[in-house]
Amino acid sequence: MATLLIAEHNGTELAPATLSALTAAQQIGSDVTVLVAGADVKAVADAVAQCAGVSKVLLAEGDSLAHDLAENLSELVMSMASDYSHIMAPANSVSKDTMPRVAALLDVGQLSDITAVLSGDQFQRPIYAGNAIATVTSKDATKVITVRAAAFDKVATTGGSATVESISAPEANSHTAWVNDELSKSERPELTAAERIVSGGRGVGSAENFALVEALADKLGAAVGASRAAVDSGFVANDLQVGQTGKIVAPSLYMAFGISGAIQHLAGMKDSKVIVAVNKDEDAPIFQVADYGLVGDLFEVLPEMTEKL
Amino acid sequence: MKILVGVKRVIDYNVKVRVKSDNTDVDLSNTKMAINPFCEIAVEEAIRLKEAGIATEVIAVSVGSSASQEQLRTAMALGADRAILVEAEGTVEPLNVAKAFAKIMAQEEAGLVILGKQSIDSDNNQVGQMLAALTKRPQGTFASNVTVDGDSVSVTREIDGGLRTVKLALPAIVTTDLRLNEPRFAKLPDIMKAKRKPQDNTSFADLGIEVKQHIQLDKVEAPAARQGGVKVGSVDELIQKLKDEAKVI
Ligand SMILES: Cc1cc2nc3c(=O)[nH]c(=O)nc-3n(C[C@H](O)[C@H](O)[C@H](O)COP(=O)(O)OP(=O)(O)OC[C@H]3O[C@@H](n4cnc5c(N)ncnc54)[C@H](O)[C@@H]3O)c2cc1C
Ligand SMILES: Nc1ncnc2c1ncn2[C@@H]1O[C@H](COP(=O)(O)O)[C@@H](O)[C@H]1O
């Protein structure tokens with residue numbers, strides 16, 4: 001039987017996480033069908049069809065799919081679930097909302113956030129904020145899986161020539177209504193897709209001071225990230241939180257300024273290739289994972305670095 | 001309106017867990033245990049809804065061993081009116097937990113169920129969504145604001161790109177994110193009083209649920225440790241290392 005992968009996109013573009021999840025899906029060893037669902041997402045479906053190793057693309061367009069409501073999206077997935085042995089998606093706020101519903105409706109368990117595919121039914125996933133790695137076997141006929149994108153390489157966006165087949169959208173669920181979105185607007189790269197990230201923590205002190213972090217990020221073409229303390233203190237928006245319960249990132253370069261290195265924060269960034277930590281406390285736990293540590297005052301280091309680069 | 005809240009007993013979030021030397025699981029012997037932090041936020045939200053006159057009763061529900069009574073008592077000290085323990089040994093999978101909540105939600109005719117978004121031990125992030133699917137009731141996951149208005153509830157959700165608000169018909173299921181509220185601390189007199197609050201024990205068998213195993217735990221290992229790095233003495237040295245050694249800028 002085939003594998004179904006639900007694509008992540010923003011309505012117009014395919015999210016890079018989908019390319020990583022495609023690698024995981026292909027490791028199962030069966031044909032991979034990709035589902036692209038949304039209001040007006042033909043362009044995304046066409047882009048997926050070009051990706052290496054995609055057998056078929058299903059395009060579902062309709063008003064009921066406009067705001068990623070889990071009630072409607074899970075209904076759509078259920079309408080085709082019997083054709084697949086594996087139903088997968090990159091772990092993101094839409095799939096986290098939707099996939100457990102699919103699992104429950106199929107009366108199967110879900111494997112959240114897998115980091116390795118060992119076989120068609122055996123996988124690895126981090127538990128306890130990444131302080132342990134579990135190897136697990138699914139005993140269900142249908143495997144429902146979310147994939148930690150940072151753990152898999154991306155497939156090529158060219159070389160494929162899958163057919164795109166249109167399917168109908170489900171009826172909108174009458175119990176749930178979308179009201180509005182307040183989306184962060186930023187010219188900077190998206191956190192989970194960025195090659196470089198400059199993050200600030202409580203040590204940055206205020207929303208105004210975050211301009212220092214942003215200035216270095218812009219110099220490096222980097223995304224801006226934050227600790228929970230920085231988000232809770234209102235320095236930056238919630239969607240910049242890196243960690244166990246925020247975003248999981250693994251860029252080539254992660255720079256942490258004024259972040260102590262709590263296990264919940266480390267859970268979100270310790271798989272970065274190179275980690276830099278700047279902290280005035282030489283005993284800060286962040287130094288235990290940093291490739292390069294600088295004991296110093298971020299208010300001096302940040303401007304100096306921005307200037308010298 | 002009655003509110004059910006999920007209270008899971010987990011390792012204290014400050015404690016770094018160790019893997020057992022035989023790699024069968026993590027070692028939780030002599031480990032400090034606590035209410036899952038997201039469940040604390042759920043309890044707090046329910047209590048505030050009661051204080052605001054919207055909820056009539058707050059019922060804390062835990063699925064687990066008898067040791068979970070400790071966390072249920074804490075929830076009652078914080079303000080929950082009573083508690084239900086679904087006794088079960090070992091790890092209970094999310095789908096089985098969701099089935100237990102579905103039964104209790106129907107028995108109690110609860111108008112709102114507030115759960116955490118995620119258990120900090122298994123990091124599953126599943127039970128609320130599964131419960132919503134099983135009961136065919138709407139869900140508002142990862143909530144940073146909850147406003148009950150008559151027979152509906154507006155939930156502002158933390159999503160990848162920012163915030164999204166949805167309106168759900170009651171009964172509904174809400175899961176909490178970190179910024180929904182700041183939980184209060186239990187006061188000593190309340191901890192004493194909580195001892196007299198009622199707690200019922202039930203089981204999967206009593207609830208008529210057949211517990212199934214979906215996922216088998218084969219092995220638990222410590223993650224690959226990062227190589228310790230170096231300390232640099234100046235910004236110049238840092239820039240030089242990033243350019244010439246790490247080659248990342
Ligand atoms: C359920 C739960 C989930 C959580 N999820 C997350 C998560 O996803 N992500 C996350 O980040 N946290 C998370 N946390 C919070 C986590 O436990 C820590 O509280 C948080 O990461 C601390 O943030 P911080 O390092 O910015 O602040 P602090 O721990 O207060 O550290 C601030 C640091 O800044 C340094 N500093 C201060 N001034 C300066 C200066 N001028 N120059 C240089 N250094 C300076 C200090 O030495 C200190 O090390 C979670 C907690 C719980 C309970
Ligand atoms: N054994 C349990 N007992 C009570 N509530 C639970 C239990 N397991 C999960 N929950 C609830 O479901 C939420 C999400 O858990 P999970 O899906 O396991 O990450 C938790 O924050 C709890 O509110």
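The values are calculated or read from the model by the stated rules, or taken from the named source; none is laboratory data. Not measured: the values here are computed from a predicted model. Here Cβ is always computed from backbone atoms with ideal geometry, including for glycine, and neighbour counts include all displayed protein chains. These accessible areas exclude ligands, DNA and RNA; they are computed on the full protein's heavy atoms, side chains included. Shrake-Rupley method; radii C 1.70, N 1.55, O 1.52, S 1.80 Å.
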What's the FRET efficiency of residue A:46 with residue B:196 using the Cβ-Cβ distance as r and R₀ = 51 Å, to the nearest 0.05? 0.20
Hey, can you list the residues from region B:12-37 whose accessible area shrinks by 40 Å² or more with all protein chains present, relative to the chain by itself (probe 1.4 Å, no ligands or nucleic acids)? B:13, B:16, B:17
As an exercise, take the mean of 1/r over every pair of distinct alpha carbons in chain A, invert it, and state the Kirkwood radius in angstroms. 20.4 Å
Provide a whole-number value for the mean count of partner chain Cβ atoms within 10 Å of the Cβ atoms in peptide A:89-96. 3
For the pair A and B, total buried accessible area rounded to nearest 100 Å², probe 1.4 Å: 6900 Å²
Please report how many Lys pairs in region A:164-281 have alpha carbons closer than 24 angstrom, counting only residues at least 8 apart along the chain or sitting on separate chains. 9
In terms of solvent-accessible area of protein heavy atoms at a 1.4 angstrom probe, what is the ranking of B:211, B:153, highest value first? B:211, B:153
Select from A:163, A:292, A:39 the residue farthest towards the positive end of the dipole of the protein assembly as shown; place +1 on Cβ of Lys and Arg, -1 on Cβ of Asp and Glu, and compute about the Cα centre. A:292
Please state the equivalent ellipsoid semi-axes for the protein assembly as shown: what are the square roots of 5 times the Cα gyration tensor eigenvalues, largest first, in whole Å? 35, 30, 23
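Could you state the accessible area per residue of chain A in Å², with a 1.4 Å probe and every protein chain left in place?
38 Å²
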Nearest-10 value in Å² for the accessible area of residue A:128, using the 1.4 Å probe: 30 Å²
Modelled label-to-label distance, residue B:221 and residue B:13, 7 Å Cα→beta-carbon offset: nm? 3.0 nm
In region B:29-183, how many lysine pairs have Cα atoms under 24 Å apart, counting only pairs 8 or more places apart or on different chains? 11
Step through the residues of region A:93-98 one at a time and calculate ³J(HN,Hα) from phi using the Karplus curve (6.51 cos²θ - 1.76 cosθ + 1.60, θ = phi - 60°), rounding each to whole Hz and writing x for Gly and Pro. 5, 6, 6, 4, 6, 9
Test item: Cα-centred dipole of region B:26-177, Lys/Arg +1 and Asp/Glu -1 on Cβ, debye: 360 debye
How would you order A:198-206, A:160-168, A:41-49 from highest to lowest mean count of nearby Cβ atoms within 10 Å? A:198-206, A:41-49, A:160-168
Enclosed volume per residue, in Å³, of the convex hull spanned by Cα atoms of region B:2-244: 188 Å³
Compute the acute angle (0 to 90°) between the alpha-carbon long axis of helix B:94-108 and the principal axis of greatest extent of the alpha-carbon atoms of chain B; round to the nearest 10°. 30 degrees
List the lysines whose alpha-carbon lies under 16 Å from that of residue A:56, not counting same-chain residues fewer than 8 positions away? A:42
Give the angle, between 0 and 90 degrees and rounded to the nearest 10, that separates the Cα long axis of helix B:37-51 from the longest principal axis of the Cα atoms of chain B. 40 degrees
Which of the aspartates and glutamates could a cross-linker span from residue B:195 if the Cα-Cα distance has to be under 13 Å and same-chain partners fewer than 8 positions apart are dropped? B:70, B:81
So how do B:38, A:235 rank on accessible area, 1.4 Å probe, biggest first, that is with the largest at the start? A:235, B:38
